[in-house]
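Right, one structure below, let's go through it.
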Amino acid sequence: MAKSRTFTMIKPDAVENGHVGAILEKISASGFKIVAMKMTQMSKTDAENFYAIHNERPFFSELVTFMTRGPIVAAILEKENAVSDFRTLIGATNPSDAADGTIRKLFATSLGENAVHGSDSDENALIESVFHFSGREIF
Ligand code: RTP
Ligand code: MG
């Protein structure tokens, strides 16, 4: 199968809790190649735009406040079947439903503060990658 790409963010809770190194280690050990990466902080407008699909949901303002409260690590990952395999690696949205060994089971704090983001389709992976990275930052 051809290699494909997905987009991820290590969210503010996991950065605050010192889990960046362990999460990157798990990502690499699971066969994903990092082809872009940076630490950055999203503005309110950035987070509102990035998560615009959820803007009618009751948790939207909580999500924007959370995602902007500190730095994140954004990355683009390459692997065969990247989007689907990465969603499997991170586990269910709610860490209490996440399978043993998944990143959210190991490092998430709650449903809202769940350590990592993973794109949900190839199309969104591209949109989200371009949102965070310029062409010369992608290798
Ligand atoms: P993500 O987009 O961050 O990878 O997460 P996901 O696909 O597993 O979940 P999604 O439904 O897209 O929700 C986006 C993020 O919103 C927060 N959330 N809070 N308090 C709540 O009820 C609630 N529900 C979702 C989580 O941070 C979730 O990852
Ligand atoms: Mg999502």
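The values are calculated or read from the model by the stated rules, or taken from the named source; none is laboratory data. The structure displayed is predicted, hence computed values, not measured ones. Cβ placement follows ideal geometry from the backbone for every residue including glycine, while neighbour counts extend to all protein chains displayed.
Of these, A99, A75, which one is assigned to a strand (DSSP E or B), small (G, A, S) and more than 8 Å from ligand 1 (Cβ to nearest atom)? Spell out the reasoning first.
On the way: A99 fails: assigned to a strand (DSSP E or B).
Of A99, A75, the one residue that is assigned to a strand (DSSP E or B), small (G, A, S) and more than 8 Å from ligand 1 (Cβ to nearest atom) is A75.
Which pairs turn up if I take residues in the stretch 22-40 that are among the acidic types (D, E) and look for partners that are loosely packed, with under 14 Cβ neighbours inside 10 Å with beta carbon separation below 8 Å, at least 6 apart in sequence or on another chain?
Cβ pairs passing all conditions: none.
So F139 fits all but one of (1) more than 14 Å from S4 (Cα to Cα); (2) aromatic (F, W, Y); (3) away from ligand 2 (no atom under 14 Å from the Cβ); what number is the exception?
That leaves (1) as the condition not met.
Considering only residues that are in contact with a Ser or Thr (Cβ under 6 Å, 6 or more places away or on another chain) and either modelled with pLDDT under 95 or within 25 Å of A82 (Cα to Cα) (or both), which ones fall in the stretch 30-64?
Residues satisfying the conditions are M42, A47.
Has the stretch 120-132 got at least one residue that is in contact (Cβ under 8 Å) with a residue 24 or more places away in the chain, farther than 13 Å from T8 by Cα and either within 13 Å of ligand 2 (Cβ to nearest atom) or among the aliphatic types (A, V, I, L, M) (or both)?
Checked the stretch 120-132: no residue is in contact (Cβ under 8 Å) with a residue 24 or more places away in the chain, farther than 13 Å from T8 by Cα and either within 13 Å of ligand 2 (Cβ to nearest atom) or among the aliphatic types (A, V, I, L, M) (or both).
Across the stretch 97-139, what is the total count of residues that are under 18 Å from M39 (Cβ atoms) and loosely packed, with under 13 Cβ neighbours inside 10 Å?
The number of residues fulfilling the criteria is 3.
If S84 meets every condition in (1) in a helix (DSSP H, G or I); (2) in contact (Cβ under 8 Å) with a residue 24 or more places away in the chain apart from one, which number is that one?
The failed condition is (2).
For the subset of the stretch 112-139 comprising residues that are among the acidic types (D, E) and not in a loop (DSSP other than H, G, I, E, B), which member is nearest to ligand 1 (Cβ to nearest atom)? Working first, answer last.
Initially, the stretch 112-139 is screened for residues among the acidic types (D, E), giving 113, 120, 122-123, 128, 137.
Restricting the remaining residues to those that are not in a loop (DSSP other than H, G, I, E, B) gives 122-123, 128, 137.
Working: D122: 15, E123: 14, E128: 9, E137: 21 Å.
Only one residue fits best here, namely E128.
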